[in-house]
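Participant: Sending over a structure as C-alpha cells; questions will come in a sec.
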Amino acid sequence: MPPSPNASSPPIGPYERRQAAVRPWDPHVLEVAERVIAIIRAARPDLDVEHIGSTAVAGLPGKGIVDLGTEADPADIPAITAAMYELGFGAQPGPDPWPATRPMHVGSVIDRGVEYRIHFHVHPRGTGDLAKDLRFRDALRADSSLLEGYARVKQEIVDRAGGQLDGVIYQAEKGGWILDVYDRLGIERPANVGGGPTGEADSAPADQSPSPGGHA
C-alpha cells in the first residue's frame, strides 16, 4: 500500500535501472555506505552489514553503485525483506532477479545533491559467499596491481561498447576475470557459478561466466 500524503518519506529512495558505465571512484561513497548501514541496523540491529564491491575499494573505478552485504538464517530472510521494504528498499529489477531466498534489495540515497544507488545483498547463512566477497575486496585493497588490472578490464569492456552497455552484459564480461582471480587467490568459487539470476545486479548471468557477489 502506498504511503499516505502525510506520511514521512522513508530514508531509502527509489531505484532506477540504468546502462552500465565506468566512472572514477568517489570518496563520498564511504560515508554513504556508513549512512545506509546505520539505517539498516536501526531497523535490524542483529545484522552485521559490510560494504563490498568496487565502491568499497579506494581508487577503483566502477558503476558507482554502493554494494552492501549481510548474512542471515534462511528462515529470517522474509522478515528482513519486509523490514527493508519499510525503509524504502524495493525488489531487484531486471529480467531474472535473485530469488526471495537470497534477495538483493535496491534503493538510493541523496548525498550532497548526488544520487547514490544501493544494492543490499542478503546471503543465506552457510553459503560462505559473503566471506568470499570480503576476501576479494580485501585483496583489491591490498594489491595495487590487482586493482589496476580490474580497472583496466572494466574500462576495456565499456570502451568496446562505446561507453555504455547493458548491466547484464557488463557483469558477464568481467565475471570470467573475477573467477580467475578467485582461483589464483584460493577463494572457492561462489555457489551461483554455473547459472543464476541476471538483472542489472552484480549477479550471475545464466549460462555465462558469472560475476560473483556484488562487484560494481
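Participant: When you look at residue 111, is it under 14 Å from residue 133 (Cβ atoms) and in contact with a His (Cβ under 9 Å, 6 or more places away or on another chain), yes or no? Show your work before the answer.
Facilitator: On the way: under 14 Å from residue 133 (Cβ atoms): no; in contact with a His (Cβ under 9 Å, 6 or more places away or on another chain): yes.
For residue 111, the condition - under 14 Å from residue 133 (Cβ atoms) and in contact with a His (Cβ under 9 Å, 6 or more places away or on another chain) - is not met.
Participant: Got a sec? Which of 35, 18 is surrounded by fewer than 18 Cβ atoms within 10 Å (Cβ to Cβ), in contact (Cβ under 8 Å) with a residue 40 or more places away in the chain and within 21 Å of residue 168 (Cβ to Cβ)?
Facilitator: Details: 35 fails: within 21 Å of residue 168 (Cβ to Cβ).
Matching residue, one of 35, 18: 18.
Participant: I want to confirm something. Restricting to region 41-58 and keeping residues that are under 13 Å from residue 122 (Cα atoms) and not in a loop (DSSP other than H, G, I, E, B), which single residue is nearest to the chain's Cα centre (by Cα)?
Facilitator: Top of the filtered list is 52.
Participant: For residue 38, indicate whether it is closer than 29 Å to residue 142 by Cα and not in a loop (DSSP other than H, G, I, E, B).
Facilitator: Details: closer than 29 Å to residue 142 by Cα: yes; not in a loop (DSSP other than H, G, I, E, B): yes.
Yes; evaluated as a whole, the condition is true for this residue.
Participant: Would you tally the residues in region 137-154 being over 21 Å from residue 105 (Cβ atoms) and in contact (Cβ under 8 Å) with a residue 40 or more places away in the chain?
Facilitator: Here is the first cut: in region 137-154, the residues over 21 Å from residue 105 (Cβ atoms) are 138-154.
In the following step, the residues that additionally are in contact (Cβ under 8 Å) with a residue 40 or more places away in the chain were identified as 139-141, 147, 150-151, 154.
Looking only at that region, the number is 7.
Participant: Determine which single condition residue 89 fails, assuming it passes every other condition in (1) under 13 Å from the mean Cα position of the chain (by Cα); (2) modelled with pLDDT of 95 or more; (3) closer than 18 Å to residue 17 by Cβ; (4) not hydroxyl-bearing (Ser, Thr, Tyr).
Facilitator: (1)
Participant: Given the criterion crowded, with 20+ Cβ neighbours inside 10 Å, touching a helix residue (DSSP H, G or I) at 6+ places or on another chain (Cβ under 6 Å) and either charged (D, E, K, R) or at pLDDT 95 or above (or both), identify the matching residue among 116, 150.
Facilitator: Working: 150 fails: touching a helix residue (DSSP H, G or I) at 6+ places or on another chain (Cβ under 6 Å).
From the options 116, 150, the qualifying one is 116.
Participant: OK, next. State all residues of region 128-140 that are surrounded by fewer than 19 Cβ atoms within 10 Å (Cβ to Cβ) and either within 17 Å of the chain's Cα centre (by Cα) or at positive phi (or both); if no residue qualifies, say none. Working first, answer last.
Facilitator: First, pick out the residues of region 128-140 that are surrounded by fewer than 19 Cβ atoms within 10 Å (Cβ to Cβ): 128, 131, 134-135, 138-139.
Residues satisfying the conditions are 128, 131, 134, 135, 138.
Participant: Tell me which of these residue 2 doesn't satisfy, since it passes every other one: (1) in a helix (DSSP H, G or I); (2) at pLDDT below 95.
Facilitator: Unmet for residue 2, out of (1) in a helix (DSSP H, G or I); (2) at pLDDT below 95: (1).
Residues checked against (1) modelled with pLDDT of 75 or more; (2) farther than 25 Å from residue 143 by Cα; (3) within 15 Å of the chain's Cα centre (by Cα); (4) small (Gly, Ala, Ser):
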site	(1), (2), (3), (4)
165	yes, yes, no, no
169	yes, yes, no, no
172	yes, no, yes, yes
177	yes, no, no, no
182	yes, no, no, no
187	yes, no, no, no
191	no, yes, no, yes
201	no, yes, yes, yes
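Participant: Can you tell me how many residues in region 51-110 are within 24 Å of residue 153 (Cβ to Cβ), touching a Phe, Trp or Tyr at 6+ places or on another chain (Cβ under 9 Å) and of a type in the set (A, V, I, L, M, F, W, C)?
Facilitator: So the count comes out to 8.
Participant: Another question about this same structure. Sort through 52, 40 and tell me the only one that's crowded, with 19+ Cβ neighbours inside 10 Å, touching a residue at least 60 places away in the same chain (Cβ under 8 Å) and touching an Asp or Glu at 6+ places or on another chain (Cβ under 7 Å). Spell out how you get there, then give the answer.
Facilitator: Details: 40 fails: touching an Asp or Glu at 6+ places or on another chain (Cβ under 7 Å).
Only one candidate passes the filter, namely 52.
The values are calculated or read from the model by the stated rules, or taken from the named source; none is laboratory data. Computed from a predicted structure; not experimentally measured. Reconstructed Cβ throughout: ideal geometry from the backbone, glycine too, with neighbour counts over all protein chains shown.
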